[in-house]
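Enquirer: One structure is given below, represented as structure tokens, and several questions about it will come after.
Only the coordinates and a few stated rules stand behind these numbers; no lab work does. Because the structure is a prediction, the values reported are computed rather than measured. Note that each Cβ is placed from the backbone with ideal geometry, even for glycine, and that neighbours are counted across all protein chains shown.
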Amino acid sequence: MRSWLGFTQLLFRDKGAGSHGCGLICLMPKGQRRVYGAGELHFITSVCYRQQPKLGEEKHRALFLQLLEQTAHKFGFEVRGVALLPDRFHLLMTEPAKDTADHAIELLRHRYGRRYNTSARTDEQVWETKWTDVHVVGDEAVAARMAFLAQVRVTYIGEQNGE
């Protein structure tokens, strides 16, 4: 076993042992573990494919909010704040009671993509493959994220009104 860039690697002589056929299995960085159900807030950011304005129209934003509400009910999480921009969304949510935040957001993105393509009569990609999930811990961090969401909303509304 050896360490490289903070990751622990297990070396095998068999080339097929690694997930990429290189003989290495990369684990999480040292000292970090995935913990679900700790009651932390999640700050999710997801960008539309090639930053296209897939959330630009009011009907698409309304659809996204409807699907978010259904997903929150299904997974049992609470939405603390959300900002919808034409090319992305930011979401502050509690830990889901059922399953994980990853699965909840993947379901939301998948359902919105299907419904968007149906209404737009297209089959193009809606979301970028990667999205971020930052765990928000502490009152100061929560206040900072809420202030960020408020600032993003004000900036976006100002841009729409030509200010």
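Enquirer: Classify the stretch 41-160 as rounded, prolate or oblate, taking a ≥ b ≥ c as the square roots of the eigenvalues of its Cα gyration tensor: rounded when a/c is under 1.5, otherwise prolate if a/b is larger than b/c and oblate if not.
Expert: Working: a/c = 1.89, a/b = 1.24, b/c = 1.53.
It comes out oblate by the Cα gyration axes.
Enquirer: Sort 87-93, 40-46, 110-116 by the packing proxy (mean of other Cβ within 10 Å over each peptide's residues), most packed first.
Expert: The peptides rank, most packed first, as 87-93, 40-46, 110-116.
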